[in-house]
Amino acid sequence: MRGSPYYADHEAFIDSVRKLSQQEIAPKITEWEKKGRFPNDVFSILGDAGYLGLLISEEYGGVGGDYKLAGAWCETFGELPSVGLTVAVNMHSLVISHGLERFGSAEAKKTWLPRAVKGESIGAYAFTEPGAGSDLARIRTVATKKGSRWTINGSKTFITNGARADFILVLTKTDPSAGYGGFTTFVVDAKAKGFKVSKTLDKLGWHASDTAELVFEDVEVDESAILGKIGEGWTQAASNLNWERLMLTLTSLAGARKCYEAATLYAGQREAFGKKIEEFPVITHYLSEMRRKIYLGEALAHYALDLLHSGKDCKTYVAMSKRFMCDEAVWVADKAIQIHGGYGYTTEFLPERWWRDLRLMPIGGGTSEIMSNIVVKELGR
Ligand SMILES: Cc1cc2nc3c(=O)[nH]c(=O)nc-3n(C[C@H](O)[C@H](O)[C@H](O)COP(=O)(O)OP(=O)(O)OC[C@H]3O[C@@H](n4cnc5c(N)ncnc54)[C@H](O)[C@@H]3O)c2cc1C
């Protein structure tokens, strides 16, 4: 990506992100993957360097950057071989904090954003429930009004940063009879009475990232916890999810590039039958297919990012690009394992971790099937 005209304005930024990632984070990743959790220090390191406030205005300690800067971040930070870690950070800084700034009350922003930007308070976003993932409209978490306060009851699952979060954006139903106008998001303090982390989940990949089930039992919040107005939760969720999907796409793109890089390197070193394996046509074909998919994914993702950056409707292109790149990144990681032969199946080489980690990308933030449905629906209009 260095030298790409797409991020020509951000070359120095890309270099400094890469330097910090390689020096401060990369050397410890394997240890954290084994331990099953990366430390909160990662947030502090990134906060101190100013990287958690890319989309946050200066008023709250951020740098007031735009989506293109955030895109350059995703593609660079996403080179780290721990997708659980990179996405956990991006969810906190690019999706949750950004969503809170866009829709939150002045009081909530003042409470959470300055600390979020420094990495002192961590955020989570809770949409999914045990009985409602793709079909989000079926959520059962409710918020009911009692005087000037609201009481939240329900449970959420698969929540990234859920076990370590200090604040959680929670999608609830405030009026089950009002259709899409009956949803409201609240920001909940994890210290609130009635909130608890009921379980952390073991997973195929994303080992360094915590994924949790959360319970809200008569959790009371006041009006300042409402994001925007009552009934705006669905529209806000759609908007936040759109950007989240692009963030996941750009992260997958970065992972696919690293797999391609590893496979090319290995194919140029490993010998069999008296030749480098890169000299076998079938291996060259794999490599050229990997590169083709990466270039196509990059073109689509950058087109969607351009639309978002210029404030245009980009839902169809985001869905198209997520469907393509998140699926193909898994294919690319799989071929990287294949090119590494038996070593590819061992933890000594990175492709196996990339494969396990990237495997979530066609599921999280809206599955590939849901992305296809969006494209079909929009094209049919
Ligand atoms: C590690 C991890 C981290 C996550 N982080 C978060 C988070 O931070 N916050 C959060 O809220 N959620 C999070 N999620 C949840 C994630 O977004 C959901 O898992 C995802 O949206 C799919 O929902 P589901 O698991 O309920 O699958 P389901 O919706 O039950 O889908 C099962 C299958 O049916 C298919 N399907 C469903 N409906 C249709 C349809 N209409 N047409 C075609 N096929 C369909 C799906 O594509 C899928 O293949 C996370 C999940 C994981 C595993």
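Each value in this text was obtained by applying a stated rule to the coordinates, not by laboratory testing. These numbers come from a predicted model, not from an experiment. Don't worry about glycine lacking a Cβ; one is built from the backbone with ideal geometry, like all the others, and counts go over all protein chains shown.
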### Task
With label points built 7 Å along Cα→Cβ from the Cα atoms of residue 284 and residue 204, find their separation and express it in nm.
3.4
### Message
Which log10 I(q)/I(0) values does the stretch 47-113 give at q = 0.13, 0.17, 0.26 Å⁻¹ under the Debye formula, counting every alpha carbon as one identical point scatterer?
### Response
-0.34, -0.57, -1.17
### Task
Might you report the magnitude of the Cβ-based charge dipole of the stretch 125-231 about its Cα centre, with Lys and Arg at +1 and Asp and Glu at -1, to the nearest 20 debye?
100
### Task
Distance between Cα centroids, the stretch 109-162 to the stretch 45-99: provide it in whole Å.
20
#### Entry: Quotient of C-alpha Rg and 2.2 N^0.38 Å, computed over the stretch 160-315
1.52
### Query
Where the only charges are on Cβ atoms (+1 Lys, Arg; -1 Asp, Glu), what is the dipole of the chain about its Cα centre, to the nearest 20 debye?
560
### Query
Under the rule of -39500 (n - 2.57) per DSSP H run of 4 or more residues, summed and divided by the residues of the chain, what mean residue ellipticity at 222 nm is obtained, to the nearest 500 deg cm²/dmol?
-15000 deg cm²/dmol
### Message
Exceeding 32 Å between C-alpha atoms, which entries from my cross-link table qualify? They are 229/293; 109/315; 146/191; 203/315.
### Response
229/293
### Query
If you take the square roots of the eigenvalues of the alpha-carbon gyration tensor of the stretch 5-121 and sort them as a ≥ b ≥ c, do you get rounded (a/c under 1.5), prolate (a/b over b/c) or oblate?
oblate
### Task
Give, in nm to one decimal, the length gained when the segment between residue 348 and residue 106 is fully stretched (0.36 nm per residue of separation minus the Cα-Cα distance).
82.2 nm
### Prolate/oblate/rounded label for the stretch 236-306 (Cα gyration tensor, a/c 1.5)
prolate
### Task
Report the net charge of residues surrounding residue 71, where surrounding means a beta-carbon distance below 12 angstrom and charges are Lys +1, Arg +1, Asp -1, Glu -1.
-4
#### Entry: Stretchable slack from residue 49 to residue 138, in nm (0.36 nm times residue separation minus alpha-carbon distance)
28.0 nm
### Message
I'd like the orientation of helix 281-309 relative to the chain: the angle between its Cα long axis and the longest Cα principal axis, in ° from 0 to 90, rounded to 10.
### Response
30
### Query
What percent do you get for the relative contact order of the chain when only Cα pairs under 8 Å and 6+ apart count?
16
### Summary
Given unit charges at Cβ for Lys, Arg (+) and Asp, Glu (-), the dipole magnitude of the stretch 212-347 about its Cα centre in debye, nearest 20, is 1040
### Task
Can you pull a Stokes-Einstein diffusion coefficient for the stretch 234-380 at 20 °C (1.002 mPa s), Rh from Kirkwood over Cα pairs, as a whole number of µm²/s?
134
### Query
Taking the chain on its own, what percent of its Cα-Cα pair distances exceed 28 Å?
45
### Message
Just to be sure I understand: of the beta bridges DSSP finds with both ends in the chain, what percent are antiparallel, rounded to 5?
### Response
85
### Query
Which pairs, out of 312/377; 35/335; 28/258; 156/199, put more than 20 Å between their alpha-carbon atoms?
35/335
#### Entry: Residues 309, 98, 92, 10, sorted so that the one with the fewest Cβ neighbours within 10 Å comes first
309, 10, 98, 92
## Note on the structure
In nm, the gap between the two label points placed 7 Å beyond Cα toward Cβ at residue 238 and residue 63 is 3.2
### Query
Which of 109, 35, 293 moves the most in a Gaussian network model of the chain with Cα springs under 10 Å?
35
